[in-house]
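First the structure, in the form of structure tokens, and then the observations on it.
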Protein chains: 2
Amino acid sequence: MSASAKPCVFCAIAAGELSAGVVARTAETVAFLDQRPVFPGHVLVVPRAHVADLDAADDRLLSGLVVEARRVGRAVQRAVGSDGTLVLVNNKVSQSVPHLHVHVVPRRRGDGLRGFLWPRHRYATDGERDAVAARIAAALRDGGDGVAPVEN
Amino acid sequence: MSASAKPCVFCAIAAGELSAGVVARTAETVAFLDQRPVFPGHVLVVPRAHVADLDAADDRLLSGLVVEARRVGRAVQRAVGSDGTLVLVNNKVSQSVPHLHVHVVPRRRGDGLRGFLWPRHRYATDGERDAVAARIAAALRDGGDGVAPVEN
């Protein structure tokens, strides 16, 4: 249950209080069918613990969640006969439920799901590109979270 | 360098042989700007070691890669002033470079990137839903990769 007044639907599924097409449970995670799949077999993998979003997860929880999402994704590919998967996290924006969840979507070649990373653009100039890279590198130096990067 | 005759572009970037907007290097990973960003600040995080795709990565490499992608994503949000991120892996299908890479895309509310997980559908019946869940659960039991799930 989330700390807010509104009950968290993914906490309810994790607790077994709400019906869902659960495909796997581990000590730390639950995997179940998305109720509105992009394609049949579209699974959500969530931590049992209520964690609001990707940025709020600690490293250990995040690692375990992604390893489980990959394990489930392999099973999804065998189960529905797909060629691969799309594995994604909407971090805050486009995140419909404020409980961290990893989407595992079966993909087939020619399945028509081509719009999800479009349109793509190019940086107008190398200078513009380098300026953006420099801002991110500076934010990493200033961030103080995790090991300092080795600059090249 | 990949084992194939064709040089791997991400191995070349990791080795510093090819120019890219590198934002961070760690002992295991390199993060650099996607040359054709969805939005400026779109970063790819790759393992230095050549690993073809998500399914081919071992758990330790995968964990470190995702933790680094999250660290870089926090910096991207600060650097470009976004509200969140989209973090995704195209596993085999729609994977343009056969070297595992995590996309970290800055997102803003109302940025127009709404088509990437659409259209969504519902299962026609609960029975259809449950049949799909059962197939995935069976594939997990038969898979032999990782810890056996606890069924509910």
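The values are calculated or read from the model by the stated rules, or taken from the named source; none is laboratory data. Everything numeric in this text was worked out from a predicted model, so none of it was measured. Reconstructed Cβ throughout: ideal geometry from the backbone, glycine too, with neighbour counts over all protein chains shown. Calculation scope for accessible area: heavy atoms of the full protein, side chains included, ligands and nucleic acids excluded. Shrake-Rupley method; radii C 1.70, N 1.55, O 1.52, S 1.80 Å.
Key figures
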| item | result |
| --- | --- |
| Cβ charges +1 (Lys, Arg) and -1 (Asp, Glu), total dipole of the protein assembly as shown, debye | 700 |
| Segment B:1-92: relative contact order in percent, alpha carbon pairs under 8 Å with at least 6 residues between | 20 |
| Difference of contour (0.36 nm per residue) and Cα-Cα distance, A:R36 to A:A124 | 27.9 nm |
| Stretchable slack from A:D142 to A:A27, in nm (0.36 nm times residue separation minus alpha-carbon distance) | 37.8 nm |
| Expected-Rg normalisation [2.2 N^0.38 Å, Cα atoms] applied to segment A:4-47 | 1.16 |
| Partners for B:K6 among aspartates and glutamates (Cα-Cα distance below 16 Å; same-chain residues under 8 apart left out) | B:E17 |
| Across the identical copies, how the A:R109 labels are spaced - nm, sorted shortest first, 7 Å along Cα→Cβ | 4.2 |
| Other copies of A:A138: label-to-label distances in nm, shortest first, labels 7 Å along the beta-carbon direction | 5.8 |
| For segment A:1-54 versus segment B:64-134, the gap between their alpha-carbon centres in whole angstrom | 17 |
| Angle in degrees between helix A:59-80 and the longest Cα principal axis of chain A, rounded to the nearest 10 | 60 |
| Computed accessible area, A:E28, all protein chains, 1.4 angstrom probe, square angstrom | 100 |
| Viscosity 0.692 mPa s, temperature 37 °C, Stokes-Einstein D of chain B from Kirkwood C-alpha radius, µm²/s | 186 |
| Accessible heavy-atom area order of A:D111, A:D126, B:D34, highest first, probe of 1.4 Å | A:D126, A:D111, B:D34 |
| Helix-only [θ]222 nm of chain A, DSSP H runs n ≥ 4, -39500 (n - 2.57) each, per residue, nearest 500 | -10000 deg cm²/dmol |
| Most mobile of A:L44, A:L113, A:L88 in a GNM of chain A (Cα contacts under 10 Å) | A:L113 |
